[in-house]
1. Rounded to the nearest 500, what is the 222 nm mean residue ellipticity of the chain from helices alone, with -39500 (n - 2.57) per DSSP H run of 4+ residues and division by all residues?
2. Report the Cα centroid-to-centroid distance between the stretch 144-180 and the stretch 3-77 in angstrom, as an integer.
3. With unit charges on the beta carbons (Lys and Arg positive, Asp and Glu negative) and the dipole taken about the Cα centre of the stretch 99-165, which residue among 127, 105, 143 sits farthest to the positive side?
4. Counting Lys +1, Arg +1, Asp -1, Glu -1, what net charge surrounds residue 54 among other residues with beta carbon under 14 Å of its beta carbon?
5. Once all Cα-Cα distances of the stretch 211-273 are split into 10 Å bins that start at 0, what whole-number percent is in each one?
6. Within a 10 angstrom radius of the beta carbon, how do 56, 139 rank from fewest other beta carbons to most?
7. Considering only 200, 12, 215, give the residue with the highest GNM mean-square fluctuation for the chain, with springs between Cα atoms whenever their separation is below 10 Å.
8. Would you mind computing the Rg to Rh ratio of the chain from its alpha-carbon coordinates, Kirkwood style for Rh?
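What follows is calculated from the coordinates using simple rules that are stated; it is not laboratory data. From a predicted model like this one, the values you see are computed outputs, not experimental measurements. Using ideal geometry, Cβ is built from the backbone for each residue, glycine included, and neighbour counts are taken over all protein chains shown.
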Amino acid sequence: MHIVIPDDYQNVIRSLDCFALLDGHRVSLYHDAERDPARLAERFAEADALVLTRERTCIDAALLARLPRLRLISQTGKVAGHIDVAACTRHGVAVMEGRGSPIAPAELAWSLLLMARRQLLPAIQALYAGQWQVNLGDRLYGQTLGIWGYGKIGQRLARYAQAFEMPVLVWGSQGSREAAERDGHRAAPSREAFFAEADVLSLNLRLVEATRHIVTAADLARMKPSALLLNISRAELIAPGALLDALDRGRPGFAALDVFEQEPLVDPAHPLLRHPRVLCTPHLGYVERQGYELYFGDAFANVRAFFAGEPCSFADPQVHARRG
């Protein structure tokens with residue numbers, strides 16, 4: 001069986017313990033960010049299965065039409081809009097997904113929050129350049145953490161906030177607001193109040209058509225000049241160009257971002273990377289060893305189970321397969 005794994009950016013997948021699940025199979029790994037459909041078709045031409053890392057490579061009907069041998073796409077984490085599932089069904093390609101974990105994304109979000117509020121990056125850069133104590137940051141104690149999307153990551157952030165004695169304000173669906181109140185937090189009375197009151201506002205929504213560009217310029221204009229916008233979810237939650245314009249206007253005053261509209265973002269001249277009040281990381285939310293063992297362990301177990309004609313080898317009610 002020939003298994004192709006694109007987008008192994010760090011060249012680490014072979015080093016994972018779970019890679020042993022593919023013993024006995026031919027495996028091809030690619031470490032760049034190829035997006036040209038013709039090049040992808042060449043790389044995937046002999047593949048019986050693809051193992052995709054989250055949403056890095058898009059699989060559409062045109063590409064599938066050039067891959068008559070392909071039988072399975074095994075997805076790390078959840079299937080999203082990067083895979084045309086209907087086209088896979090038409091071409092007889094099964095799509096299997098695994099589990100997600102809120103732990104690493106929540107930890108990264110909190111790291112960004114601390115770094116941005118205490119202004120650690122410019123302080124560290126100055127120290128390495130021979131300067132001592134060049135700026136002044138802010139503590140988290142007493143600041144209101146606004147959470148839009150009270151799911152697994154949002155709930156974990158709320159618990160972190162309690163440890164730092166930050167009041168929590170939640171916006172989202174009625175179910176999210178009710179769950180937050182049951183946990184002892186406040187639900188914002190309105191969307192307008194949510195943006196106006198939060199000192200730190202964290203976006204923790206899934207990107208679907210209903211949430212695409214859901215954060216508008218008007219929302220951002222309601223934020224405090226001292227507020228921090230934190231986005232580890234998806235850049236497309238924010239209307240195109242709205243964040244940079246809002247930052248230039250001074251509301252919000254700061255942003256910490258792990259996600260971008262085009263990834264990988266490798267242009268050092270990109271305005272978000274050059275903005276003095278923006279802290280950026282290269283989409284590291286789920287990128288850590290234990291998370292990779294979980295994500296790829298599930299994906300590789302699904303490959304083995306599929307070609308052996310067996311059910312998934314782990315029992316999680318959230319995991320399922322779509323077979324063409």
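1. Details: 12 runs with 108 residues, N = 324.
My calculation for the chain gives -9500 deg cm²/dmol from helical runs alone.
2. 36
3. Value computed over the given set: 105.
4. Numbers: positive: 56, 78, 99, 206, 234; negative: 7, 8, 55, 97, 258, 263, 288, 298.
Around residue 54, the surrounding residues sum to -3.
5. 22, 58, 20, 0
6. Numbers: 56 18, 139 12.
Going from least to most buried by this count: 139, 56.
7. Judging by the Gaussian network model, the answer is 12.
8. Numbers: Rg = 21.4 Å, Rh = 21.3 Å.
We get a ratio of 1.00 for the chain.
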